[in-house]
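Each remark here refers to the structure printed beneath this line.
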Amino acid sequence: MGDNELSLIDKQLTSLQDLPLSPAVTSLNLHCNHIPRIEGLSSAWHLRHLDLSSNRISKIEGLSSLTSLRTLNLSSNLITKIEGLNGLVNLTKLNLSYNQINNVTGLLYLHGTEYKLKHLSLNSNLIDSMDHLLQCLLGLQGLRSVTLSKDGGDNPVCSAPGYWEIVMESLPQISVLDGLDRLRHLSSPGISSLCDIPCLEDYADFLVSSDASHSEAVKGAATTPCIDKVLTQFREQIALEKTTEQATDPVTQPVRQSSQPVCSTVTDPPNPINEERIKKLEHQVSQLIQQVTYQHLKLTLIMDVFVQIRV
(Lines give C-alpha, C1' and ligand atoms only; values in the text may rest on other atoms or scores of the structure.)
Protein backbone atom coordinates (compact mmCIF):
# COMPACT_ATOMS: atom_id res chain seq x y z
CA MET A 1 0.00 0.00 0.00
CA GLY A 2 1.05 3.62 -0.41
CA ASP A 3 2.66 5.69 2.31
CA ASN A 4 -0.68 7.46 2.87
CA GLU A 5 -2.61 4.23 3.44
CA LEU A 6 -2.45 2.05 6.53
CA SER A 7 -4.22 -1.30 6.64
CA LEU A 8 -4.13 -3.49 9.75
CA ILE A 9 -6.98 -5.92 9.16
CA ASP A 10 -7.45 -8.76 11.63
CA LYS A 11 -4.29 -8.05 13.63
CA GLN A 12 -5.80 -8.67 17.08
CA LEU A 13 -5.41 -4.97 17.95
CA THR A 14 -6.96 -3.84 21.22
CA SER A 15 -6.18 -0.12 21.11
CA LEU A 16 -5.66 2.78 18.71
CA GLN A 17 -3.17 4.50 20.98
CA ASP A 18 -0.04 2.70 19.76
CA LEU A 19 -0.68 2.89 16.02
CA PRO A 20 2.15 4.25 13.81
CA LEU A 21 -0.17 7.00 12.62
CA SER A 22 1.28 10.10 10.95
CA PRO A 23 -0.59 13.27 9.88
CA ALA A 24 0.00 12.26 6.24
CA VAL A 25 -2.18 9.13 6.45
CA THR A 26 -5.35 9.50 4.38
CA SER A 27 -6.79 5.98 4.64
CA LEU A 28 -6.92 3.79 7.76
CA ASN A 29 -8.43 0.30 7.70
CA LEU A 30 -8.71 -1.51 11.04
CA HIS A 31 -11.45 -3.97 10.12
CA CYS A 32 -11.90 -7.04 12.31
CA ASN A 33 -9.91 -6.28 15.45
CA HIS A 34 -10.77 -5.99 19.17
CA ILE A 35 -10.76 -2.20 19.53
CA PRO A 36 -13.22 -0.95 22.20
CA ARG A 37 -12.77 2.81 21.84
CA ILE A 38 -12.15 5.45 19.17
CA GLU A 39 -9.17 7.42 20.43
CA GLY A 40 -5.72 8.61 19.44
CA LEU A 41 -6.77 10.04 16.06
CA SER A 42 -6.49 13.74 16.86
CA SER A 43 -3.26 14.14 14.82
CA ALA A 44 -4.65 12.46 11.67
CA TRP A 45 -5.71 15.75 10.10
CA HIS A 46 -5.66 14.44 6.52
CA LEU A 47 -7.55 11.21 7.18
CA ARG A 48 -10.27 10.74 4.53
CA HIS A 49 -11.27 7.09 4.95
CA LEU A 50 -11.68 5.34 8.30
CA ASP A 51 -12.82 1.73 8.62
CA LEU A 52 -13.38 0.44 12.15
CA SER A 53 -15.95 -2.18 11.22
CA SER A 54 -16.16 -5.47 13.13
CA ASN A 55 -14.65 -4.24 16.37
CA ARG A 56 -16.02 -3.79 19.91
CA ILE A 57 -16.83 -0.09 19.81
CA SER A 58 -19.85 0.96 21.88
CA LYS A 59 -19.68 4.76 21.49
CA ILE A 60 -18.97 7.17 18.61
CA GLU A 61 -16.34 9.58 19.91
CA GLY A 62 -12.88 11.00 19.21
CA LEU A 63 -13.68 12.13 15.66
CA SER A 64 -14.19 15.89 15.96
CA SER A 65 -10.70 16.78 14.65
CA LEU A 66 -11.10 14.72 11.45
CA THR A 67 -12.49 17.52 9.32
CA SER A 68 -11.21 15.92 6.08
CA LEU A 69 -12.97 12.60 6.71
CA ARG A 70 -15.13 11.46 3.76
CA THR A 71 -16.12 7.90 4.62
CA LEU A 72 -16.67 6.33 8.02
CA ASN A 73 -17.43 2.63 8.48
CA LEU A 74 -18.48 1.59 11.99
CA SER A 75 -20.62 -1.35 10.97
CA SER A 76 -20.74 -4.52 13.08
CA ASN A 77 -19.96 -2.94 16.42
CA LEU A 78 -21.88 -2.45 19.69
CA ILE A 79 -23.14 1.11 19.14
CA THR A 80 -26.56 2.00 20.56
CA LYS A 81 -26.75 5.72 19.77
CA ILE A 82 -25.62 8.03 16.96
CA GLU A 83 -23.49 10.82 18.45
CA GLY A 84 -20.06 12.40 18.16
CA LEU A 85 -20.35 13.40 14.48
CA ASN A 86 -20.25 17.17 14.91
CA GLY A 87 -17.49 18.85 12.93
CA LEU A 88 -17.33 16.20 10.18
CA VAL A 89 -18.20 18.71 7.46
CA ASN A 90 -16.78 16.62 4.60
CA LEU A 91 -18.33 13.29 5.58
CA THR A 92 -20.19 11.89 2.56
CA LYS A 93 -20.68 8.21 3.45
CA LEU A 94 -21.60 6.81 6.88
CA ASN A 95 -22.05 3.09 7.51
CA LEU A 96 -23.55 2.18 10.89
CA SER A 97 -25.22 -1.07 9.87
CA TYR A 98 -25.26 -4.15 12.10
CA ASN A 99 -25.21 -2.33 15.42
CA GLN A 100 -27.80 -1.90 18.18
CA ILE A 101 -28.84 1.67 17.38
CA ASN A 102 -32.29 2.91 18.41
CA ASN A 103 -31.42 6.61 18.82
CA VAL A 104 -30.29 8.66 15.78
CA THR A 105 -30.33 12.09 17.43
CA GLY A 106 -26.67 12.64 16.57
CA LEU A 107 -27.61 13.13 12.91
CA LEU A 108 -29.02 16.53 13.88
CA TYR A 109 -25.42 17.79 14.08
CA LEU A 110 -25.01 17.10 10.36
CA HIS A 111 -27.91 19.33 9.33
CA GLY A 112 -27.23 22.41 7.19
CA THR A 113 -25.70 23.28 3.85
CA GLU A 114 -22.12 23.06 5.12
CA TYR A 115 -22.43 19.30 5.68
CA LYS A 116 -22.13 16.85 2.77
CA LEU A 117 -23.52 13.50 3.96
CA LYS A 118 -24.92 11.64 0.91
CA HIS A 119 -25.04 7.94 1.78
CA LEU A 120 -26.31 6.57 5.10
CA SER A 121 -26.50 2.85 5.99
CA LEU A 122 -28.51 1.89 9.07
CA ASN A 123 -29.75 -1.58 8.19
CA SER A 124 -29.80 -4.25 10.91
CA ASN A 125 -30.38 -1.93 13.86
CA LEU A 126 -33.19 -1.34 16.37
CA ILE A 127 -34.81 1.88 15.11
CA ASP A 128 -38.52 1.67 15.90
CA SER A 129 -39.85 5.25 15.74
CA MET A 130 -40.80 6.64 12.33
CA ASP A 131 -41.29 10.19 13.63
CA HIS A 132 -37.91 10.20 15.37
CA LEU A 133 -36.19 8.83 12.27
CA LEU A 134 -37.73 11.33 9.85
CA GLN A 135 -37.11 14.28 12.14
CA CYS A 136 -33.40 13.48 12.28
CA LEU A 137 -33.06 12.77 8.54
CA LEU A 138 -35.08 15.67 7.12
CA GLY A 139 -32.38 18.31 7.71
CA LEU A 140 -29.66 16.30 5.97
CA GLN A 141 -29.87 18.41 2.82
CA GLY A 142 -27.24 16.54 0.83
CA LEU A 143 -28.63 13.10 1.61
CA ARG A 144 -29.28 10.99 -1.50
CA SER A 145 -29.31 7.36 -0.36
CA VAL A 146 -30.62 5.71 2.83
CA THR A 147 -30.48 2.02 3.69
CA LEU A 148 -32.67 0.77 6.54
CA SER A 149 -33.27 -2.73 5.20
CA LYS A 150 -30.90 -4.96 3.25
CA ASP A 151 -30.53 -8.70 2.72
CA GLY A 152 -33.10 -9.48 5.40
CA GLY A 153 -31.48 -7.23 7.97
CA ASP A 154 -33.82 -4.34 8.73
CA ASN A 155 -35.18 -2.18 11.58
CA PRO A 156 -38.51 -2.51 13.41
CA VAL A 157 -39.63 0.69 11.66
CA CYS A 158 -39.45 -1.12 8.31
CA SER A 159 -42.48 -3.21 9.34
CA ALA A 160 -44.75 -0.16 9.63
CA PRO A 161 -47.59 -0.04 7.05
CA GLY A 162 -46.57 2.04 4.04
CA TYR A 163 -43.02 2.40 5.38
CA TRP A 164 -41.34 2.82 1.96
CA GLU A 165 -43.87 5.37 0.68
CA ILE A 166 -43.83 7.39 3.92
CA VAL A 167 -40.05 7.71 3.96
CA MET A 168 -39.87 8.67 0.28
CA GLU A 169 -42.63 11.27 0.60
CA SER A 170 -41.19 12.74 3.80
CA LEU A 171 -37.62 13.01 2.52
CA PRO A 172 -37.77 14.71 -0.91
CA GLN A 173 -33.98 15.08 -1.06
CA ILE A 174 -33.27 11.34 -1.27
CA SER A 175 -33.43 9.39 -4.51
CA VAL A 176 -32.67 5.88 -3.25
CA LEU A 177 -34.15 3.94 -0.33
CA ASP A 178 -33.00 0.41 0.49
CA GLY A 179 -31.31 0.10 -2.91
CA LEU A 180 -34.38 1.14 -4.94
CA ASP A 181 -34.93 4.43 -6.73
CA ARG A 182 -38.24 6.33 -6.68
CA LEU A 183 -39.61 4.10 -9.44
CA ARG A 184 -38.73 1.04 -7.35
CA HIS A 185 -35.99 0.08 -9.78
CA LEU A 186 -32.70 -1.34 -8.57
CA SER A 187 -30.29 1.57 -8.28
CA SER A 188 -26.75 1.46 -9.65
CA PRO A 189 -23.91 3.27 -7.84
CA GLY A 190 -22.78 6.51 -9.46
CA ILE A 191 -19.28 6.78 -10.88
CA SER A 192 -18.77 9.87 -8.76
CA SER A 193 -18.80 7.53 -5.76
CA LEU A 194 -15.38 6.30 -6.91
CA CYS A 195 -13.90 9.23 -5.07
CA ASP A 196 -15.19 7.69 -1.85
CA ILE A 197 -13.22 4.48 -2.41
CA PRO A 198 -9.59 4.47 -1.22
CA CYS A 199 -7.02 3.98 -4.02
CA LEU A 200 -9.51 5.01 -6.74
CA GLU A 201 -9.86 8.70 -5.92
CA ASP A 202 -7.23 9.84 -8.42
CA TYR A 203 -8.88 7.92 -11.27
CA ALA A 204 -12.32 9.44 -10.72
CA ASP A 205 -11.17 12.80 -12.11
CA PHE A 206 -10.63 11.22 -15.54
CA LEU A 207 -14.22 10.06 -15.79
CA VAL A 208 -16.76 12.66 -14.77
CA SER A 209 -17.13 16.22 -13.56
CA SER A 210 -20.82 15.79 -12.77
CA ASP A 211 -22.82 13.22 -10.79
CA ALA A 212 -23.67 11.11 -13.86
CA SER A 213 -25.01 7.65 -13.23
CA HIS A 214 -23.16 4.46 -14.02
CA SER A 215 -25.41 3.67 -16.97
CA GLU A 216 -25.08 7.17 -18.41
CA ALA A 217 -21.30 6.90 -18.33
CA VAL A 218 -21.38 3.58 -20.17
CA LYS A 219 -23.45 5.23 -22.89
CA GLY A 220 -20.82 7.95 -23.24
CA ALA A 221 -22.74 10.70 -21.45
CA ALA A 222 -19.91 11.40 -19.02
CA THR A 223 -17.86 14.54 -19.61
CA THR A 224 -14.07 14.49 -19.86
CA PRO A 225 -12.75 17.85 -18.65
CA CYS A 226 -9.10 16.74 -18.78
CA ILE A 227 -9.33 15.86 -22.47
CA ASP A 228 -11.31 19.01 -23.27
CA LYS A 229 -8.62 21.13 -21.63
CA VAL A 230 -5.83 19.41 -23.60
CA LEU A 231 -7.70 19.83 -26.88
CA THR A 232 -8.38 23.50 -26.19
CA GLN A 233 -4.71 24.17 -25.42
CA PHE A 234 -3.72 22.23 -28.56
CA ARG A 235 -6.01 24.29 -30.80
CA GLU A 236 -4.85 27.57 -29.25
CA GLN A 237 -1.19 26.63 -29.68
CA ILE A 238 -1.65 25.67 -33.35
CA ALA A 239 -3.55 28.89 -34.06
CA LEU A 240 -0.86 30.96 -32.33
CA GLU A 241 1.96 29.27 -34.26
CA LYS A 242 0.17 29.75 -37.57
CA THR A 243 -0.47 33.44 -36.85
CA THR A 244 3.16 33.98 -35.85
CA GLU A 245 4.50 32.25 -38.96
CA GLN A 246 2.24 34.29 -41.25
CA ALA A 247 3.26 37.52 -39.53
CA THR A 248 6.98 36.83 -40.08
CA ASP A 249 6.77 35.20 -43.54
CA PRO A 250 7.56 37.76 -46.31
CA VAL A 251 5.67 35.69 -48.84
CA THR A 252 2.38 35.80 -46.97
CA GLN A 253 2.87 39.22 -45.33
CA PRO A 254 0.54 41.69 -47.11
CA VAL A 255 2.03 45.07 -48.10
CA ARG A 256 0.01 48.01 -46.79
CA GLN A 257 0.24 51.19 -48.92
CA SER A 258 -2.73 52.95 -47.42
CA SER A 259 -5.00 52.89 -44.40
CA GLN A 260 -7.47 50.67 -46.28
CA PRO A 261 -7.19 46.90 -45.75
CA VAL A 262 -5.47 45.12 -48.58
CA CYS A 263 -6.44 41.54 -49.44
CA SER A 264 -3.51 39.35 -50.34
CA THR A 265 -3.89 37.30 -53.51
CA VAL A 266 -0.98 35.05 -52.61
CA THR A 267 -2.05 31.56 -51.56
CA ASP A 268 -0.22 30.11 -48.58
CA PRO A 269 1.91 27.19 -49.78
CA PRO A 270 1.44 23.95 -47.85
CA ASN A 271 3.89 23.57 -45.02
CA PRO A 272 4.86 19.88 -44.76
CA ILE A 273 6.57 20.43 -41.39
CA ASN A 274 3.43 21.88 -39.80
CA GLU A 275 1.22 19.22 -41.37
CA GLU A 276 3.46 16.49 -39.99
CA ARG A 277 3.39 18.13 -36.55
CA ILE A 278 -0.41 18.38 -36.58
CA LYS A 279 -0.74 14.72 -37.59
CA LYS A 280 1.60 13.73 -34.78
CA LEU A 281 -0.33 15.80 -32.21
CA GLU A 282 -3.64 14.43 -33.45
CA HIS A 283 -2.26 10.91 -33.01
CA GLN A 284 -1.14 11.72 -29.47
CA VAL A 285 -4.57 13.14 -28.58
CA SER A 286 -6.21 10.05 -30.08
CA GLN A 287 -4.01 7.82 -27.91
CA LEU A 288 -4.91 9.92 -24.86
CA ILE A 289 -8.62 9.51 -25.55
CA GLN A 290 -8.19 5.75 -26.02
CA GLN A 291 -6.24 5.53 -22.78
CA VAL A 292 -8.90 7.40 -20.81
CA THR A 293 -11.61 5.26 -22.40
CA TYR A 294 -9.67 2.17 -21.32
CA GLN A 295 -9.45 3.51 -17.77
CA HIS A 296 -13.18 4.22 -17.92
CA LEU A 297 -13.97 0.62 -18.89
CA LYS A 298 -11.48 -0.72 -16.38
CA LEU A 299 -13.03 1.27 -13.54
CA THR A 300 -16.51 0.23 -14.66
CA LEU A 301 -15.44 -3.40 -14.26
CA ILE A 302 -13.92 -2.59 -10.88
CA MET A 303 -17.16 -0.98 -9.76
CA ASP A 304 -19.18 -4.00 -10.94
CA VAL A 305 -16.92 -6.33 -8.95
CA PHE A 306 -17.10 -4.00 -5.97
CA VAL A 307 -20.91 -4.03 -6.07
CA GLN A 308 -20.98 -7.81 -6.32
CA ILE A 309 -18.68 -8.08 -3.31
CA ARG A 310 -20.79 -5.69 -1.28
CA VAL A 311 -23.94 -7.59 -2.24
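Under the condition of being in a loop (DSSP other than H, G, I, E, B) and either touching a strand residue (DSSP E or B) at 6+ places or on another chain (Cβ under 6 Å) or among the acidic types (Asp, Glu) (or both), the residues counted in region 126-142 number 1.
Kindly evaluate SER15 against the criterion of being under 27 Å from TYR115 (Cα atoms) and in a loop (DSSP other than H, G, I, E, B). Even if it seems obvious, please write down each step before you answer.
Values: under 27 Å from TYR115 (Cα atoms): no; in a loop (DSSP other than H, G, I, E, B): yes.
Spelling it out, it is not the case that SER15 is under 27 Å from TYR115 (Cα atoms) and in a loop (DSSP other than H, G, I, E, B).
Looking only at region 22-32, which residues are closer than 17 Å to GLU61 by Cβ and in a loop (DSSP other than H, G, I, E, B)? Matches in region 22-32: LEU30 only. Contact map, region 171-189: first residue within 18 Å of LEU117 (Cα to Cα) and among the β-branched types (Val, Ile, Thr), second residue modelled with pLDDT under 95 and part of a loop (DSSP other than H, G, I, E, B), Cβ cut-off under 6 Å, separation 6 or more or different chains; pairs are VAL176/SER187.
Name the residues in region 99-118 that are assigned to a loop (DSSP other than H, G, I, E, B) and under 24 Å from the mean Cα position of the chain (by Cα), would you? HIS111, GLY112, THR113, GLU114, TYR115, LYS116, LEU117, LYS118, listed by residue number. A count restricted to region 39-68 and to residues that are more than 15 Å from LEU16 (Cβ to Cβ), part of a loop (DSSP other than H, G, I, E, B) and in contact with a strand residue (DSSP E or B) (Cβ under 7 Å, 6 or more places away or on another chain) stands at 1.
Within region 50-70, being touching a Leu at 6+ places or on another chain (Cβ under 8 Å) and under 20 Å from ASP10 (Cβ atoms) holds for LEU50, ASP51, LEU52, SER53, ASN55, ARG56, ILE57. May I ask you to verify whether LEU78 is more than 26 Å from THR26 (Cβ to Cβ), hydrophobic (A, V, I, L, M, F, W, C) and part of a loop (DSSP other than H, G, I, E, B)? Yes, satisfied.
None of THR71, THR80, THR67, THR26 is under 25 Å from LEU133 (Cα atoms) and either under 24 Å from the mean Cα position of the chain (by Cα) or touching a residue at least 60 places away in the same chain (Cβ under 8 Å) (or both) except THR71.
Taken over region 10-62, the criterion of being touching a Cys at 6+ places or on another chain (Cβ under 8 Å) and at positive phi is satisfied by ASP10, SER54.
Of the residues making up region 125-180, those that are more than 22 Å from TYR109 (Cα to Cα), surrounded by 16 or more Cβ atoms within 10 Å (Cβ to Cβ) and among the charged types (D, E, K, R) are LYS150, ASP154, ASP178.
Please verify whether LEU66 is closer than 22 Å to LEU122 by Cβ and of a type in the set (A, V, I, L, M, F, W, C), treating the condition exactly as stated. Spelling it out, LEU66 is indeed closer than 22 Å to LEU122 by Cβ and of a type in the set (A, V, I, L, M, F, W, C). Only one of the numbered conditions (1) buried (at least 17 other Cβ atoms within 10 Å of the Cβ); (2) closer than 15 Å to SER75 by Cβ; (3) of a type in the set (A, V, I, L, M, F, W, C); (4) touching a helix residue (DSSP H, G or I) at 6+ places or on another chain (Cβ under 8 Å) is violated by LEU122, and that is (4). Of the set (1) modelled with pLDDT of 95 or more; (2) in a loop (DSSP other than H, G, I, E, B), all apply to GLY87 but (1).
Number of residues in region 32-49 that are in contact with a Leu (Cβ under 6 Å, 6 or more places away or on another chain), under 19 Å from GLU83 (Cα atoms) and modelled with pLDDT under 95: the value is 1.
The values are calculated or read from the model by the stated rules, or taken from the named source; none is laboratory data. These figures come from a predicted structure and were not determined experimentally. Positions of Cβ are backbone-derived with ideal geometry, glycine not excepted, and every protein chain shown enters the neighbour counts.
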